[in-house]
1. Need pairs with beta-carbon distance below 8 Å; first residue closer than 19 Å to ARG25 by Cα and touching a residue at least 40 places away in the same chain (Cβ under 8 Å) and within segment 66-92, second open to solvent by 50 Å² or more (accessible area, probe 1.4 Å) and of a type in the set (Lys, Arg); sequence gap 6+ or separate chains.
2. Counting only residues that are among the small types (Gly, Ala, Ser) and free of Cβ contacts under 8 Å to residues at least 12 places away in the same chain, how many does segment 1-26 have?
3. On the given criteria, is GLU80 over 18 Å from the mean Cα position of the chain (by Cα) and not polar (S, T, N, Q)?
Amino acid sequence: KTPERSPFSTHVFHQYTLKVPALKRDAFKLYLEKLGIPSMIYYPIPLYKQEAFLQYSKGEELPVTELLCNEVISLPIHTEMDDEMLEYIASSVINFFN
């Protein structure tokens, strides 16, 4: 699933994050790696479970946060990417899921 955007807005992405079924994410990351496409899982551990934030979580469970930490993966995006690189990444993503 790609990021949702409002039709009346614009966006300057500093990360382009996809939501991928948890059981496919690791295979997807490995597939991208083999194709030379970097990807990143920025928050593999929910913030509320990290030591710096434990004092604020008060033992709460955040199931949506847990789900997203297992499903999201970010693709490269930056100003130096040309149309050829964008097409390569996009078609590689499509090929994996088809």
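The values are calculated or read from the model by the stated rules, or taken from the named source; none is laboratory data. Since this is a predicted model, take the numbers as computed values, not measurements. Every residue, glycine as well, gets a Cβ built from its backbone with ideal geometry; the counts of neighbours run over all protein chains shown. What goes into the accessible areas is simple: the full protein's heavy atoms, side chains included, and nothing from ligands, DNA or RNA. Shrake-Rupley method; radii C 1.70, N 1.55, O 1.52, S 1.80 Å.
1. LEU68/LYS19; GLU71/LYS19; VAL72/LYS19; ILE73/LYS29
2. The qualifying residues number 2.
3. So GLU80 fits the description; yes.
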